[in-house]
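**Q** I am attaching a structure below and will ask some questions about it afterwards.
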Amino acid sequence: MKNLYYFAFYSIYKVIRKTPNKDIAQWATTIALSLFLMFNVFCLLNFTNSFNSEFYKVHAKEILIALFFLILAINYRFFLAKDRFKLIVRECSTIKTNLQILGGISVFLYVLFTIAFLIHVINSLVP
């Protein structure tokens, strides 16, 4: 599971490195992964009807912001502390081409489904 998460980092990092903001690619990738994980938790909370709680209705914004920063701190430790992302990029770049293609497709589908579920959840919450 850890290797899949690292490969997700690597795949997103490769895409962001192609943009003009190459200097901040590792931060942008970490933030993007944190947002996707927060969206996944957000969708899970919706599907389990956790939004019906009065506490959540009142403090939803604060809970989601705190969740994002918690996930960002964990991802910082995984990827940016002691420049671990360089080791991850080096390791993932040695993977065979056909596995990289399969992994890239998997990461693309993960991102696509995360966004689709988020849109679905938002549409179900808006009256």
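The values are calculated or read from the model by the stated rules, or taken from the named source; none is laboratory data. Keep in mind the model is a prediction, meaning the values are calculated, not measured. We place every Cβ from the backbone using ideal geometry, glycine too, and count neighbours over all the protein chains shown. Surface accessibility is based on the protein's heavy atoms, side chains included, excluding ligands, DNA and RNA. Shrake-Rupley method; radii C 1.70, N 1.55, O 1.52, S 1.80 Å.
**Q** How much mean residue ellipticity at 222 nm does the chain get from its helices, if each DSSP H run of length 4 or more adds -39500 (n - 2.57) and you divide by all residues, to the nearest 500 deg cm²/dmol?
**A** So the helix-based figure for the chain works out to -27000 deg cm²/dmol.
**Q** When the accessible area of the chain is split by element with a 1.4 Å probe, what percent falls to carbon and sulfur?
**A** 69
**Q** For segment 53-127, what does the convex hull of the Cα positions come to per residue, in cubic angstrom?
**A** 100
**Q** Quote the FRET efficiency, to the nearest 0.05, computed for residue 101 versus residue 66 with a Förster distance R0 of 41 Å and r equal to the Cβ-Cβ distance.
**A** With a Förster radius of 41 Å, E is 0.65.
**Q** Spelling out what I want: for every residue of segment 61-72, take phi, set θ = phi - 60°, compute 6.51 cos²θ - 1.76 cosθ + 1.60 (Karplus), and round to whole Hz; glycine and proline get x.
**A** 4, 5, 5, 5, 5, 5, 4, 4, 5, 5, 5, 4
**Q** What are the semi-axes of the equivalent ellipsoid for the chain, taken as the square roots of 5 times the Cα gyration tensor eigenvalues, largest first, in whole Å?
**A** 30, 17, 12
**Q** Let me ask something else about it. Can you sort 83, 23 by solvent-accessible area, 1.4 Å probe, largest first?
**A** Order by accessible area, largest first: 23, 83.
**Q** Counting pairs on different chains as well as pairs 8 or more places apart, how many Lys pairs in the chain have Cα atoms under 24 Å apart?
**A** Pairs that pass both the separation and distance tests number 14.
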